Amino acid sequence: MARFEGEMLGRAERLASLYPDPRSAIIPLCHLAQEQDGYVTEEAIAHIGELVGATGAEVQGTASFYDMLKFEPVGKYVIGVCTNISCMLRGGYELLDAASNTLGVPPGETTADGIFTLEEVECVAHCDKAPAVQINYRYFGPVDSDAFAELVGQLKSGELDEQVPEHGTLIRVLRDAPPPIPLEEIDAERARQDAEREARAASREV
Amino acid sequence: MPDELVSVTLDGQVVQVAKGTPIIEALDQIGVHVPRFCYHPRMSAVGVCRMCLVEVSGPRGFSLQPSCYLSVAEGMEVVTTSEAVRKAQGGVIEFLLANHPLDCPVCDKGGECPLQDQAFAHGAGETRYVEEKRHYAKPIPISRLIKLDRERCIQCDRCTRFADEVAGEALLDFRGRGNAIRISTFSSVEFDSYFSGNVTQICPVGALTATPYRFKARPWDLTQSASTCGWCSFGCQVSVQASQNELTRVLGIDSDAINHSWLCDRGRFGISEVNNRDSRVLSPWLREGGARREVSWTRAVGAIAEVVKQAKARNGNASVAVIGSGRLNLEDSYAWAKLALDVIGTPLVDGLLGQGGIAATWFERAASIEQALSSRALIALNVDPKEEVPVLHLRLREAVRKGLHLIEVNSTATSLSAMAATSIQLSPDKVGELAEVVMRSVPGGEGDVVILVGGLNRAMDPAVTSGILQSLVAAMPEAKILSALGAANVHGAFLAGLSPGVLPGAGEGALPSSWRAPADSSRANYANILRAASAGEVGVLILLDCDLEEAGVAPAAIEALGERCALISLASYESATSRASAVTLPLATWSEARGSMVNGEGRMLRLGEQLEPAGLSKPGWVAASLVASDLGNDMSIFTAGDIWAELKTWGGAFAGVEPEIFNSTLDGPLLPVARWNAGGPPRALDPVATPGIASVRRQGPDFRAGAVLDPHATGTGSAPTAKVLTAGRLAAADARAGVSVEIGVAGEDEAWLVLARRVYEADARLAANPALASFVRDDRVMVSPARLARLGADDGDRVRVIGSVEIEAVVHSDASIPDWAIAVEGRTIAVMHLVDGAGWSRVRLERLNG
Ligand code: SF4
Ligand code: SF4
Ligand code: FES
Ligand code: FES
C-alpha cells in the first residue's frame, strides 16, 4: 500500500481541495502518506504530484526540505537523543552511547526487527529536562541510561501505547474544521475592533 | 507607450533608466559588469547566489543588496566599487568554493566557466578551507543527453528555473536542505524534455554537461561562427563550434527577435548526424547495369545532363520534374530553380512538397514572431509549435502568460490546448464552416489578428490547410500570417522560385539578363508530379535533398519509381531514395557551406561554415551550375555572390538585399528589407548568460557583427529588362481552388487519419543521429473509447491499421480523440506511408487475434 486508496484517498482529496491552489497541500499530503506507510514512499510522492498538479521532482523537492518527513523506512518508534548544549552538559553524548548499546544500532539506523530508529538531534526545546529524548516527537526527560532502557522496555510491552503512537501518526482524533466564517463577518469584526482601538486612542489623547 | 524613466546615480554617473529595470541591467547598460551567477536575462530574478551584491542607498544609508533582485528607483545611488562590495564578492566566492571540487583541469567548463573567471577576478586567490569537501556519486545521467556532477553545482537555480518557468516541465528540482541540497530528478523519471539541452548551456559551472560534448574539446581549441539552426524554420540563432573539422557543439545566441538564447534538442544535438560520416553520401554514385558505383563528379554530372537531354528530346521539357523538401539553403534553391525553370525549362517544379499554396498566402501578409506574440488574437491552424518549431513553444508560453489570446484549430489535443482560450476542432465535415466559427471567437479590440499555420497533421493534404487559410484570410482581410511550416528553408525555397507558380522574389521584379524564358510552373504540385512519375509520364525525376520515404512513399514504391524513370538525387544522407537513384550527388550539409535561409516570419538569416564538406560533397548551387554547364548554359553563376546579385535584380522579397545586411543587425533582416526597419544594431551578449560564446576563438569575420556572406559579392545587377508575371498572386493551383479542395469521403468502417508531426521522427537523418535516435517512440494507435468498443478490442491489444499500407501497433483508448478520427502516434518511418497524398487520408482498423 503506497498510493492512497479508499478512505485514505478520500482524506487526500479533501486535503487537496482545502486550498485555493492545491499545491499548498503538498506538506499535509506528505504527512498523510507518512501516517499510512510510516514514511513517504516514491509511489506516494508520484500520487501526491497527480493530486495537486505538480511533478514528482517538485513534490520531492518540497518534502525533502523537512527532517520530519522520512523517505526511507524507519522503525515504529523514531528515537531522538539530543546532544545540543544543555543536554550535552547534562550527559547527552553518554546517553546517546548508552542508547546505541541498548538498541544495538548506531545513530541513524534502524534495529533489525524494524521497531526502533535511533537519531541524534539538535535542541528539541526540552532543555529544562535535559538530557532529553524524543520518541515519535513526544518528549521525555531527564533520561539516564537506566531510564532509557526502561523506556525501551515500556515501548516494547505496549505500556506507552496511549502516550506514543506509531511513527507517522500525527493526530488520532480527526476533527472537521469548523465551517468557514463568511468574509463579511470577519470584515465587520475587524471594523468593530478598529473603532474600539480608535476610541481608546482618542480617550488617551484627551 | 514610452517607458517611464527614473534618474539614478550609478558609480557616480547620473543616468535615466526605465522604471522597473533591475539594477544589474541598468549597470550593464552603462558598461559596468557586476559579477553574477543566478541572474539570467531571460528568466525571473531569484537573488539566491548573492554574487551581485552592490551598495545601494536607502533610508538608513547604504547597504549591500543583490543588484539582480532590486529594481531602480528615483534618486537611488548605487556603488559597485567600494571596499564593502569587494569584501562581499570575495566572501561569496569563498563560500561557493568551500564545497567546490576545483577539478577545472578535467572539467568541460574549464576555460569558459563563470565560477572560474569570477573566482579569478574577485576571489582571494588562496583557500583557507582545509576540511573535507562534500562527495556525491558522479556523474549521474539525468537523461540520455545530460550528465550531472553534483559536487560542482553552486545551487544557482538556473536549471530548475528553466525547467519550470521556461519549459514548463519541472522534472528537475532541488532536493534536501542546507549543506545537503542538490539537484535531482525524481526516482527513475528522466529529465525528458525537448528543451533539456538548454540547462547545459546556462549552468554557470560544469555541473550539467551534454553527454555528446563531454571531454570532446577544450573551449579555447574551438572555432566558431554565427549561424542559424538548420532543423526547422523557426531560425534560432546559434554559434556553431567545431574542432578539427568536426562539429563539437551548438550554443543558442540571445536573439531578441527569435530564440531568446534557447534551442530545442533536435537543433542542438543535430550535429551528431552531421558528424556521422557513415550515413553520409560522400561521393557521387552512378547506377550502371544495376550496380551502384562511386564515380567522379564529372561522370555523374555528365550522366545527369545526358538523361535530361534524352528525356527532353523524347517527350519535351515536361518530361523532367523537380521535387525539393525545403532543406536546401537559399542560394542552392535559387540555382536549382534557375536550372529547372530556365535552363531545362520544365513546368514541373515543386520544392515545397505541396505546401506552395500556404506559402503563397503567407508571404503577402507575413507577420514577425514579435507581431504574432503581441497580437490581439493568435489563431493556430493545424499546428503544434512544440512539435514543429519547438522554440516557438517557449516564446508562446511566455506570451500567453502575459495575456496573449490563443485560439487553437486542430484535429486532436496538442501542447496548445492547455494554453488556448478557445479550442476549435478541425474536423473533415466542418472544413467549410471553419472560418466562420473561428471568426466568432476572435475578441474585438485593437491590434492585429495573426494566423499561425503549420503542417501538423501529415495525413491532411497541405492543400486542405491552404484552403482553410484562404477562407480565414477572406473573412479577415487584415489578418497576418506567421508560418510554422517545418523544413528549415521552405520559405526560402518559395522565395527562390522553387515553388509552383512563383519566380524568384515572389514579386514583380525584372528578369535578370542571364535568364531566358522561365517555364510557367503554376500547375505543378508534388502529388501530381509523383503521380505522373509513377505513371511513367516523367523521364527524369530530380530530388533535391528530399527523401521520398520520409515524405510518405514506401520503399517498394520508390524502387518501382526508379525503374519507371531516372531518379536523380542530391543528398547529404543515404536514404531509401538515394539508394534507389540512378545518380546521386553528394550535397554539402549544414555548416559545410556559407549561405542564407529564410525563416517563417520572412527573415533572412545567415548560415555559417565550420567544416570542410564531407568527402566530395559540394554546395547545391555548385552542383546546379555544373549540370547547367553540361547542358550548354552555365547560368552565369560562378560564386554565391553571383546569386546575390541576381536576387537583387529580381526585386520583390529581395529588393535591396546586399550581403552587407548581415553586418548591420544581430538578427538578420525581415524581407523585403525596404518594408521593414532593418532592426537594431548588434547587441553585446551577457557572457555569463551563455558561457562559451565569448570564450571561444573566433575565426573569420567578427562574430557578433555577423559575417559578410561572400566577400566576392560585387555586381549591382543589370537594369530591369522585362516585366514578368510572378508572385504569390499568380498563386498555386490549390490556392485558387479555395476551400473546395476535395478531402474525400470516409467509407464504412473507415476513419480519418490524424498523424501528427513529432520532433523526433524516424527519418534517415534522425536514424543517423546516435544522440537522438533512441527518442523515437513506438507506434501506437489512439481511438475514442466508443471506437475501441465497436472494434471489440481492449486497451493494449494489437491492431492492424490499413491504409495505403498496413502497419501493426498497440491500440489505446483516449477520450480526447474524436470519434471520426484514428490517431497514430509514434514515428517509425513505416507509419508515414499511411499517408496517401491527396485530400485527407483515411484508414481502417482490424483487431489482431491473440
Ligand atoms: S546544476 Fe548548474 S544550473 Fe543547476 S543549480 Fe547547479 S550550478 Fe545552477
Ligand atoms: S526550434 Fe527549430 S530552429 Fe530552433 S533549435 Fe529547434 S530545430 Fe533549430
Ligand atoms: S539542548 Fe537538548 S533539548 Fe535543548
Ligand atoms: S543574487 Fe544576483 S546574480 Fe545571484
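The values are calculated or read from the model by the stated rules, or taken from the named source; none is laboratory data. Bear in mind the structure is a predicted one, so any value in this text is a computation, not a measurement. Ideal geometry is used to build each Cβ from the backbone, glycine not excepted, and the neighbour counts take in all protein chains shown.
Checked against the criterion of being within 16 Å of ligand 1 (Cβ to nearest atom) and either over 30 Å from B:VAL14 (Cβ atoms) or within 14 Å of another protein chain (Cβ to nearest Cβ) (or both), the candidates B:GLU94, B:GLU112, B:GLU126 yield just one match: B:GLU112.
Only helices (runs of 4 or more DSSP H) whose full extent lies in region A:43-124 are considered here, and the ones with at least 3 residues that are more than 19 Å from A:CYS30 (Cβ to Cβ) are A:85-89, A:92-103.
From the list B:ALA459, B:ALA475, B:ALA506, the one residue that fits, being in contact (Cβ under 8 Å) with a residue 24 or more places away in the chain, within 25 Å of the chain's Cα centre (by Cα) and not assigned by TED's automatic domain parsing to the domain that holds B:ILE637, is B:ALA459. Remark: B:LEU788 matches the filter, which requires a residue to be surrounded by 22 or more Cβ atoms within 10 Å (Cβ to Cβ), of a type outside the set (Ser, Thr, Tyr) and more than 32 Å from the chain's Cα centre (by Cα). In summary, B:GLY206 fulfils each of the numbered conditions (1) touching a Lys or Arg at 6+ places or on another chain (Cβ under 9 Å); (2) surrounded by fewer than 24 Cβ atoms within 10 Å (Cβ to Cβ); (3) away from every other protein chain (no Cβ under 14 Å); (4) modelled with pLDDT of 95 or more with the single exception of condition (2). Checked against (1) away from ligand 2 (no atom under 16 Å from the Cβ); (2) touching a helix residue (DSSP H, G or I) at 6+ places or on another chain (Cβ under 6 Å); (3) free of Cβ contacts under 8 Å to residues at least 24 places away in the same chain, B:VAL250 passes all but condition (1). Only one of the listed residues (B:PHE186, B:PHE195) is within 16 Å of ligand 2 (Cβ to nearest atom) and either surrounded by 18 or more Cβ atoms within 10 Å (Cβ to Cβ) or polar (S, T, N, Q) (or both). That residue is B:PHE195. The sole residue among B:LYS138, B:LYS147, B:LYS133 that is touching a strand residue (DSSP E or B) at 6+ places or on another chain (Cβ under 6 Å) and more than 9 Å from every other protein chain (Cβ to nearest Cβ) is B:LYS147.
Scanning region A:109-116 finds no residues that are buried (at least 18 other Cβ atoms within 10 Å of the Cβ), among the charged types (D, E, K, R), more than 30 Å from A:PRO22 (Cα to Cα) and over 22 Å from the mean Cα position of the chain (by Cα).
Filtering B:PHE162, B:PHE186 for residues that are aromatic (Phe, Trp, Tyr), more than 21 Å from B:PHE37 (Cβ to Cβ) and at pLDDT 95 or above leaves a single hit, B:PHE186.
Out of region B:257-277, which residues are β-branched (Val, Ile, Thr) and either at positive phi or not in a helix (DSSP H, G or I) (or both)? Residue satisfying the conditions is B:ILE258 alone. Could you say whether any residue in region A:51-62 is within 14 Å of chain B (Cβ to nearest Cβ), surrounded by fewer than 17 Cβ atoms within 10 Å (Cβ to Cβ) and either out of contact with any helix residue (DSSP H, G or I) (no Cβ under 8 Å at 6 or more places or on another chain) or under 23 Å from A:PRO179 (Cα atoms) (or both)? Scanning region A:51-62, I find no residue that is within 14 Å of chain B (Cβ to nearest Cβ), surrounded by fewer than 17 Cβ atoms within 10 Å (Cβ to Cβ) and either out of contact with any helix residue (DSSP H, G or I) (no Cβ under 8 Å at 6 or more places or on another chain) or under 23 Å from A:PRO179 (Cα atoms) (or both), so the answer is no.
Could you tell me whether region B:158-172 includes any residue that is part of a loop (DSSP other than H, G, I, E, B), away from every other protein chain (no Cβ under 14 Å) and buried (at least 23 other Cβ atoms within 10 Å of the Cβ)? Checked region B:158-172: no residue is part of a loop (DSSP other than H, G, I, E, B), away from every other protein chain (no Cβ under 14 Å) and buried (at least 23 other Cβ atoms within 10 Å of the Cβ). Assessment of region A:134-155 against the conditions (over 17 Å from the mean Cα position of the chain (by Cα), surrounded by 21 or more Cβ atoms within 10 Å (Cβ to Cβ) and among the aromatic types (Phe, Trp, Tyr)) yields at least one matching residue.
Given the condition in the same structural domain as A:ASN84 (by TED's automatic domain parsing) and either away from ligand 3 (no atom under 16 Å from the Cβ) or touching a residue at least 60 places away in the same chain (Cβ under 8 Å) (or both), answer yes or no: does some residue in region A:117-125 qualify?
Our first condition is that a residue be in the same structural domain as A:ASN84 (by TED's automatic domain parsing); within region A:117-125, this holds for A:117-125.
Keeping just the survivors that are either away from ligand 3 (no atom under 16 Å from the Cβ) or touching a residue at least 60 places away in the same chain (Cβ under 8 Å) (or both) gives A:117.
Yes: region A:117-125 contains one or more residues that are in the same structural domain as A:ASN84 (by TED's automatic domain parsing) and either away from ligand 3 (no atom under 16 Å from the Cβ) or touching a residue at least 60 places away in the same chain (Cβ under 8 Å) (or both).
For region A:23-42, filtered to residues that are of a type in the set (A, V, I, L, M, F, W, C) and assigned to a helix (DSSP H, G or I), the residue that is nearest to the other protein chains (Cβ to nearest Cβ) is A:ILE26. Kindly provide the set of residues from region B:129-157 that are outside any helix (DSSP H, G or I) and either in the same structural domain as B:SER774 (by TED's automatic domain parsing) or touching a His at 6+ places or on another chain (Cβ under 8 Å) (or both), ordered by number. Hits for region B:129-157 are B:LYS133, B:ILE154. From the set of residues in region B:173-187 that are within 9 Å of chain A (Cβ to nearest Cβ) and of a type in the set (S, T, N, Q), which is farthest from B:PRO141 (Cα to Cα)? My answer is B:SER187.
Within region B:638-660, the set of residues being within 12 Å of B:PRO512 (Cα to Cα) and not in a helix (DSSP H, G or I) comprises just one member, B:GLY651. Can you name the residue in region B:37-80 that is more than 12 Å from ligand 4 (Cβ to nearest atom), assigned to a loop (DSSP other than H, G, I, E, B) and among the charged types (D, E, K, R) and is also surrounded by the fewest Cβ atoms within 10 Å (Cβ to Cβ) among such residues? Among those that are more than 12 Å from ligand 4 (Cβ to nearest atom), assigned to a loop (DSSP other than H, G, I, E, B) and among the charged types (D, E, K, R), it is B:ARG60. The listed residues are B:VAL835, B:VAL824, B:VAL810, and the only one of them that is in a strand (DSSP E or B), out of contact with any Phe, Trp or Tyr (no Cβ under 8 Å at 6 or more places or on another chain) and buried (at least 21 other Cβ atoms within 10 Å of the Cβ) turns out to be B:VAL824.
So is B:ALA488 touching a strand residue (DSSP E or B) at 6+ places or on another chain (Cβ under 8 Å) and away from ligand 1 (no atom under 16 Å from the Cβ) or not? It is true that B:ALA488 is touching a strand residue (DSSP E or B) at 6+ places or on another chain (Cβ under 8 Å) and away from ligand 1 (no atom under 16 Å from the Cβ). For region B:561-582, a tally of residues being in contact with a helix residue (DSSP H, G or I) (Cβ under 7 Å, 6 or more places away or on another chain) and in a helix (DSSP H, G or I) returns 6. If the condition is being crowded, with 24+ Cβ neighbours inside 10 Å and in a loop (DSSP other than H, G, I, E, B), then region B:513-544 contributes B:SER521, B:ALA524, B:ASN525, B:VAL538.
Among the strands (runs of 3 or more DSSP E) confined wholly to region B:189-251, which include 2 or more residues that are within 20 Å of B:LEU772 (Cα to Cα)?
B:208-210, B:237-243
Whenever a residue of region B:124-140 is at pLDDT 90 or above, its partners that are loosely packed, with under 12 Cβ neighbours inside 10 Å, lying with C-beta atoms within less than 9 angstrom and at least six residues away or across chains, give the pairs B:ARG134/B:ASN179; B:ARG134/B:ALA180. Just so you know, in region B:1-18 the residues that are outside any strand (DSSP E or B) and over 35 Å from the mean Cα position of the chain (by Cα) include one that is nearest to B:LEU394 (Cα to Cα), and it is B:GLU4.
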